[in-house]
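First up is the structure itself, then whatever we jot down about it.
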Amino acid sequence: MQLQTHIFLIGFMGCGKTTIGKDLAVKFNVQFIDTDVIISEKTNLSIPDIFEKWGESKFREIETQVIGSIVALPPSIISLGGGAILSEQNRSVIFNSGLSIYLKWRVKTLFKRLADCDSRPLLSNIPQSKLLEQIMSMMNERSKYYERAHIVIPGDRYKNINLLIEHIIHEISTYKIPTIR
Ligand code: S3P
């Protein structure tokens with residue numbers, strides 16, 4: 001099947017956007033774009049270094065520039081950083097320039113996946129005992145936006161990643177005309 005439009009993968013840190021996105025890109029034979037990778041390449045800095053050197057607001061500024069610039073590319077699979085959804089400008093692109101897919105997991109699953117994670121500046125300084133609380137609080141702010149995706153995939157329902165990806169492909173192939181959000 002030929003991809004007619006961008007696929008935006010959205011969801012909280014650790015939801016599998018990169019792993020799933022790479023696989024989808026192979027299956028649809030299109031480019032895989034990870035906005036965090038582009039941001040790192042553009043700045044010659046890792047994501048934690050950008051946060052440390054310039055702070056979150058500068059990171060968000062660059063993130064919005066990158067998201068705005070990739071829309072003009074041919075249809076691709078695009079993995080977005082978990083916080084990209086917080087910006088109204090980004091949401092306008094995500095919900096109006098392609099098909100958005102929310103990779104949704106239970107908070108407890110995210111917690112397990114994110115334990116001992118030091119590559120994510122917003123979680124790396126949180127002690128293990130406070131991690132679940134932090135994820136819940138961030139999800140509280142974000143989930144209303146994630147839920148606006150054209151397609152919501154409840155990841156916990158699938159026995160393994162292959163079945164999950166098969167389901168996503170089925171959803172993409174049968175999805176009718178993206179509506180304006
Ligand atoms: C962030 C998620 C990260 C990265 C940055 C901020 C967030 O991307 O963009 O650390 O605010 O949730 P992943 O969701 O790919 O981990």
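The values are calculated or read from the model by the stated rules, or taken from the named source; none is laboratory data. The structure displayed is predicted, hence computed values, not measured ones. Cβ placement follows ideal geometry from the backbone for every residue including glycine, while neighbour counts extend to all protein chains displayed. Protein only, heavy atoms only, side chains kept; ligands, DNA and RNA dropped before computing areas. Shrake-Rupley method; radii C 1.70, N 1.55, O 1.52, S 1.80 Å.
Summary table
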{"item": "Principal axis dimensions, the chain - Cα atoms, whole angstrom, descending", "result": "44, 36, 28"}
{"item": "VAL107/GLU166 FRET efficiency (R0 22 Å; Cβ-Cβ; nearest 0.05)", "result": "0.30"}
{"item": "Local net charge near GLY82, Cβ-Cβ under 9 Å (Lys/Arg +1, Asp/Glu -1)", "result": "+3"}
{"item": "Exceeding the 23 Å Cα-Cα cut-off - candidates LYS104/LYS176; LYS22/LYS53; LYS112/LYS159; LYS17/LYS144; LYS22/LYS159", "result": "LYS22/LYS53"}
{"item": "Contour excess over end-to-end distance, with Cα ends at TRP54 and SER40 and 0.36 nm allotted per residue", "result": "3.7 nm"}
{"item": "Cut-off under 5 Å, modelled amide H: who pairs with SER79 long-range", "result": "LEU9, ILE33, ASP34, THR35"}
{"item": "Cα pair count fraction exceeding 19 Å, expressed as % - the stretch 52-138", "result": "50 percent"}
{"item": "Å² per residue, accessible surface of the stretch 6-174 at 1.4 Å", "result": "50 Å²"}
{"item": "Net charge contributed by nearby residues that have their C-beta within less than 14 Å of GLY55 (K/R +1, D/E -1)", "result": "-2"}
{"item": "Summed side-chain charge close to ARG157 - residues other than ARG157 whose Cβ falls under 15 Å, Lys, Arg +1, Asp, Glu -1", "result": "+1"}
{"item": "The chain: DSSP helices with Cα axial extent of at least 18 Å and average Kyte-Doolittle hydropathy no lower than -0.5", "result": "56-70, 161-174"}
{"item": "Test item: Cα-centred dipole of the stretch 6-174, Lys/Arg +1 and Asp/Glu -1 on Cβ, debye", "result": "440 debye"}
{"item": "Interchain or long-range residues, amide H under 5 Å from LYS104's placed H", "result": "ILE153, GLY155"}
{"item": "Computed helical MRE - 222 nm, the chain, DSSP H runs ≥ 4 contributing -39500 (n - 2.57), nearest 500", "result": "-16500 deg cm²/dmol"}
{"item": "Part-to-part distance (alpha-carbon centres) for the stretch 97-118 and the stretch 143-162, which is given in Å", "result": "9 Å"}
